[in-house]
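Here's the structure we're looking at; comments come further down.
The values are calculated or read from the model by the stated rules, or taken from the named source; none is laboratory data. Everything numeric here is computed off the predicted structure, so don't read it as measured data. We place every Cβ from the backbone using ideal geometry, glycine too, and count neighbours over all the protein chains shown.
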Amino acid sequence: MLTAYFQGLGAGAGLIIAIGAQNAFVLSHGIRRSHLLTITLICSLCDAILIMAGVCGVGSIVASNPALTRIAALGGAIFLFAYGLKAFHSAFCGDVLKAEKDGKSSWARVVVATLAVTLLNPHVYLDTIVLLGSISGRFADDGRFIFGVGAATASFLWFFLLSYGGRLLAPAFGRPMTWRVLDMSVGLVMWSIAASLAVSLFG
């Protein structure tokens, strides 16, 4: 069960920790200490709901069919290998996370903006429902849910870190070296999970 949890934690972290609009949005409000709890909870809960939808939907379908389990494991291994390769490539591109420092917004506007930046990104559905749901299918019933809990934990930890540590983290995240180290770590995690999936195909 710990294996399922930590694989979920690693896969979830690898998919969430990437330079993008949502992370920039969370960090910028963290820097200004603006609506921290609201933004963090919306981002984390949306991820958790989508992850569990994938675990219960796609994951249960995959788990019930041995052929689909193998296909999902192979597809997941290929995707995670490609994702890891992309992370390694990004590590040498020198991109940084830039947080906008505009004025504070009203609570209602922040809620709408947070939902938009979270749910209008098509990759969130691919990452949570399809990919994490498919990977969870290699575990039994309890294992699937524990995998999902691990992935959701990664989401909560990351968004709380970005939001409440915004002012402390902003200078570090403004330096390319920080993102190089982070991207290389993500690449290693993605490749290790891809290798585990590949081994399960021939185990």
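Can you find even one residue in the range 192-202 that is within 19 Å of the chain's Cα centre (by Cα) and of a type in the set (Phe, Trp, Tyr)? So far as the range 192-202 goes, no, none of its residues is within 19 Å of the chain's Cα centre (by Cα) and of a type in the set (Phe, Trp, Tyr).
Based on what the data block shows, is Gly166 modelled with pLDDT of 85 or more, buried (at least 20 other Cβ atoms within 10 Å of the Cβ) and out of contact with any Pro (no Cβ under 8 Å at 6 or more places or on another chain)? Answer is no for this residue.
Condition check for Ile51 on (1) among the β-branched types (Val, Ile, Thr); (2) farther than 14 Å from Thr118 by Cα; (3) surrounded by 24 or more Cβ atoms within 10 Å (Cβ to Cβ): one failure, at (2).
Taking the range 36-48 as the range and being surrounded by fewer than 21 Cβ atoms within 10 Å (Cβ to Cβ) and not β-branched (Val, Ile, Thr) as the test, the residues that pass are Leu36, Leu37, Leu41, Leu45, Cys46, Ala48.
Of the helices (runs of 4 or more DSSP H) contained entirely in the range 1-73, those carrying at least 3 residues that are over 26 Å from Trp107 (Cα atoms) fall at 2-16, 36-54, 60-63. Could you give me the residue pairs with C-beta distances under 7 Å whose first residue belongs to the range 60-81 and is surrounded by fewer than 18 Cβ atoms within 10 Å (Cβ to Cβ), whose second residue is assigned to a helix (DSSP H, G or I) and of a type in the set (S, T, N, Q) wherever it lies, and which are 6+ apart or on separate chains? Once the first residue is surrounded by fewer than 18 Cβ atoms within 10 Å (Cβ to Cβ) and sits in the range 60-81, its partners that are assigned to a helix (DSSP H, G or I) and of a type in the set (S, T, N, Q) give Gly75/Ser134. When we screen Gly148, Gly143 for residues that are of a type in the set (Gly, Ala, Ser) and surrounded by fewer than 22 Cβ atoms within 10 Å (Cβ to Cβ), the only hit is Gly143. Residues Val111, Val58, Val96: which one is modelled with pLDDT under 75 and of a type outside the set (Ser, Thr, Tyr)? Every option except Val96 fails the conditions. Restrict the check to the range 61-80 and report whether at least one residue is touching a His at 6+ places or on another chain (Cβ under 9 Å), at pLDDT 80 or above and aliphatic (A, V, I, L, M). The answer is no; no qualifying residue exists. Among helices (runs of 4 or more DSSP H) entirely within the range 132-203, having at least 3 residues that are among the acidic types (Asp, Glu), on the phi > 0 side of the Ramachandran plot and touching a residue at least 60 places away in the same chain (Cβ under 8 Å) singles out no element at all. Scanning the range 19-35 for residues being closer than 20 Å to His89 by Cα and either surrounded by fewer than 20 Cβ atoms within 10 Å (Cβ to Cβ) or among the acidic types (Asp, Glu) (or both) gives a total of 3.
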